[in-house]
1. Exactly one condition in (1) among the acidic types (Asp, Glu); (2) surrounded by 24 or more Cβ atoms within 10 Å (Cβ to Cβ); (3) at pLDDT 95 or above is not met by GLU200; state its number.
2. Consider LYS500 carefully, then state whether it is assigned to a helix (DSSP H, G or I) and surrounded by fewer than 17 Cβ atoms within 10 Å (Cβ to Cβ).
3. State whether one or more residues within the range 45-53 are within 28 Å of ARG199 (Cβ to Cβ) and open to solvent by 30 Å² or more (accessible area, probe 1.4 Å).
4. For the range 345-377, what are the residues that are open to solvent by 20 Å² or more (accessible area, probe 1.4 Å) and away from the ligand (no atom under 15 Å from the Cβ)?
5. Just checking, does the range 6-25 include any residue being in contact (Cβ under 8 Å) with a residue 40 or more places away in the chain, over 24 Å from GLN364 (Cα atoms), in contact with a helix residue (DSSP H, G or I) (Cβ under 6 Å, 6 or more places away or on another chain) and not in a helix (DSSP H, G or I)?
6. Which count do you get for residues in the range 538-552 that are open to solvent by 70 Å² or more (accessible area, probe 1.4 Å) and farther than 17 Å from ALA494 by Cβ?
7. Tell me, please, whether a residue that is within 13 Å of the ligand (Cβ to nearest atom) and open to solvent by 10 Å² or more (accessible area, probe 1.4 Å) can be found in the range 415-433.
Amino acid sequence: MCGIVGYVGKRQACPLLLEGLRRLEYRGYDSAGMSVLHGRELHTRKKKGAIADGLSRLIAASPLEGRTGVGHTRWATHGSPSDENAHPHCDPHGRIAIVHNGVIENFQQLKQTLSGHTFKSATDTEVLAHLIGVHYDRIVAARPDTAPRDGSHHPLAQAVMNALREVIGTYGLAVVCVDDPTVLVGARRGSPLVVGIGREEHFLASDTTAIAAHTRDVIYLNDHDVVTLGSTTCHVASLGPDAAKVQVSRLEFDPEAAERGSHPHFMLKEILEQPRTVENAMRGRLNHEEATAKFGGLNMTLAELRDVDQIIIPACGTSWHAALLGEYLFEEFAHIPTEVEYASEFRYRNAPLEKHTLVLVITQSGETADTLAGLRESRRRGHKVLAICNAVGSTIAREADGGIYLHAGPEIGVASTKAFTSQLTVLILLALLMGRIRMLPPRRGQEIIRTLETLPQQMEAVLALNASIRRIALKYAAAQNFFFLGRQYNFPVALEGALKLKEISYIHAEGYPAAEMKHGPIAMIDENTPTVFVIPTDSLYHKTLANLEEIKARHGPVIALTTEGNTTLAPRVDDILHLPPTLEPLFPLLAVLPLQLLAYHIAVARGCNVDKPRNLAKSVTVE
Ligand code: G6P
């Protein structure tokens with residue numbers, strides 16, 4: 001959570017930091033700030049609110065000069081969003097500035113050791129800034145002038161390392177000090193941090209999106225790494241038991257993909273991209289001849305995959321909803337018992353995992369702390385962990401035994417859309433592969449592949465319903481409660497439709513299996529509570545129709561998503577959308593699109609900040 005960026009080099013730092021922060025704003029936007037070193041002076045600007053409303057204006061009114069600096073965009077954990085709690089935070093003498101992503105769990109205890117110190121904020125980060133300051137004073141006082149200053153011998157790097165040895169918790173850190181305006185220090189444990197290598201310049205960032213416009217050569221830092229950067233020098237040391245491992249990676253990233261273009265919001269852009277991103281998720285992975293799927297990075301043999309007799313899928317949020325569809329698919333295609341777990345629960349439960357259990361984590365960002373902890377716990381227990389992940393080079397992508405990338409490109413809108421449909425696509429393919437090495441007949445495999453190939457075009461047709469969906473959205477935009485119902489494969493879609501609406505419009509919305517509604521939630525139904533029914537004309541159509549009638553009998557307005565050719569449903573519902581026919585397990589890929597657009601248009605009609613909904617952040621790298 002929170003975005004951090006740092007720069008040391010020959011260019012002016014302020015515009016680079018500001019641009020980087022704008023690109024990282026999806027990680028948090030409660031407040032933003034930066035500190036820049038100008039000669040031996042440290043200048044800091046920070047402000048509550050999104051960058052455009054706060055920090056940008058401050059800087060326009062009072063620009064910052066200097067070639068070294070650190071910046072931060074915040075998602076509050078300790079201390080409410082305010083100017084005081086915004087980062088950077090300084091040591092008591094105002095010489096050292098730090099930006100931090102993560103949680104210092106023992107900050108109260110550390111604070112008690114800092115007797116006589118006065119704190120301006122309620123943050124854990126300020127305590128760390130003071131602690132680094134104390135160590136810095138000690139080191140400088142004890143050092144002869146002739147002591148080496150390169151790399152981890154630099155007094156700032158040493159102070160950071162000494163302070164971090166006292167810290168329990170997680171951090172991605174960037175630190176500067178007035179005594180040496182040519183040096184930037186970074187450290188990582190549990191929160192991502194990447195070094196960007198430029199020509200006579202270095203960047204630090206919590207995410208490559210912040211720096212990809214300036215360099216493609218990056219070093220993903222590992223936990224316990226401490227990096228000391230000059231404009232032409234980069235030295236990585238480790239606080240862990242092993243020596244630091246440094247590997248320069250080349251980014252495959254199209255900076256334009258992270259631009260909004262002519263779309264009013266990233267979320268709309270990303271919704272409309274889905275025919276293409278789903279195609280990307282399939283590209284090169286269909287094996288027509290053998291009626292199966294193939295993946296390059298599973299790092300498991302077919303024999304190992306065939307030995308799997310249980311699948312556990314830990315995930316969070318939207319990825320958890322994709323996982324739920326995965327459960328249906330693995331059981332249907334491959335008859336493998338599958339459990340979906342909230343990653344935050346899984347990590348603290350002693351879930352019994354059989355010997356041949358495959359743990360499959362699903363994550364867009366590859367940085368979600370709960371999911372990462374689930375991965376580490378599973379690996380510690382000796383299980384193979386595969387990751388379905390979008391962010392290339394992310395911590396989870398690197399720590400998993402193998403995995404499948406979504407290739408959906410950067411997802412910037414905080415409410416996940418295109419990652420979800422890509423996750424579904426990859427899960428269908430993986431379930432197909434698992435099925436085909438068991439008992440799924442080739443004819444069924446061929447049918448799935450053929451139908452999958454027609455999906456991008458069908459998705460275009462669904463997106464072409466945008467104007468009708470907007471009309472429906474405007475009709476119901478004032479509702480205070482919403483239900484989303486579906487059965488079987490469409491139950492996860494109902495959950496995801498409800499989540500999208502909650503996230504960006506703040507309307508109370510619940511997703512339920514359609515038939516479960518009658519066991520309690522139906523008490524909520526009245527003429528002001530709309531229900532969205534995902535009701536394709538499939539094998540459960542008549543059962544779901546009975547559930548729909550139960551809502552109508554209580555005067556609840558119904559918006560139905562059904563299949564083209566259904567001519568009997570329209571008179572029974574208030575609003576209806578017809579989607580192209582497909583195989584039952586594939587219908588979610590079509591059905592979720594109108595639900596994303598519905599949430600989007602309702603949020604816009606209610607004047608909500610669609611790309612930056614209140615209280616949320618895209619990537620939650622704290623527990
Ligand atoms: C956050 C986001 C959600 C996202 C979830 C899991 O809570 O706000 O939109 O679904 O994290 O993220 P991941 O990157 O692991 O898929």
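The values are calculated or read from the model by the stated rules, or taken from the named source; none is laboratory data. Please read these numbers as outputs of a predicted model, since none were measured by experiment. Cβ sites come from the backbone with ideal geometry, for glycine too, and all protein chains shown count toward neighbours. Side chains are part of the model used for accessible areas, which takes the heavy atoms of the whole protein and leaves out ligands, DNA and RNA. Shrake-Rupley method; radii C 1.70, N 1.55, O 1.52, S 1.80 Å.
1. Against the list (1) among the acidic types (Asp, Glu); (2) surrounded by 24 or more Cβ atoms within 10 Å (Cβ to Cβ); (3) at pLDDT 95 or above, GLU200 comes up short only on (2).
2. Here the answer is no, as LYS500 does not meet what is asked.
3. Yes - at least one qualifying residue is present in the range 45-53.
4. Residues satisfying the conditions are TYR348, ARG349, ASN350, PRO352, LEU353, GLU354, LYS355, HIS356, GLU377.
5. Looking through the range 6-25, at least one residue is in contact (Cβ under 8 Å) with a residue 40 or more places away in the chain, over 24 Å from GLN364 (Cα atoms), in contact with a helix residue (DSSP H, G or I) (Cβ under 6 Å, 6 or more places away or on another chain) and not in a helix (DSSP H, G or I).
6. Matching residues across the range 538-552 total 2.
7. yes
So that you can scan it fast, the table gives a plain yes or no per residue for (1) touching a Leu at 6+ places or on another chain (Cβ under 8 Å); (2) of a type in the set (D, E, K, R):
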{"residue": "VAL195", "(1), (2)": "yes, no"}
{"residue": "GLY198", "(1), (2)": "no, no"}
{"residue": "HIS202", "(1), (2)": "yes, no"}
{"residue": "ARG216", "(1), (2)": "yes, yes"}
{"residue": "ILE219", "(1), (2)": "no, no"}
{"residue": "CYS234", "(1), (2)": "no, no"}
{"residue": "ALA237", "(1), (2)": "no, no"}
{"residue": "PRO241", "(1), (2)": "no, no"}
{"residue": "ALA244", "(1), (2)": "no, no"}
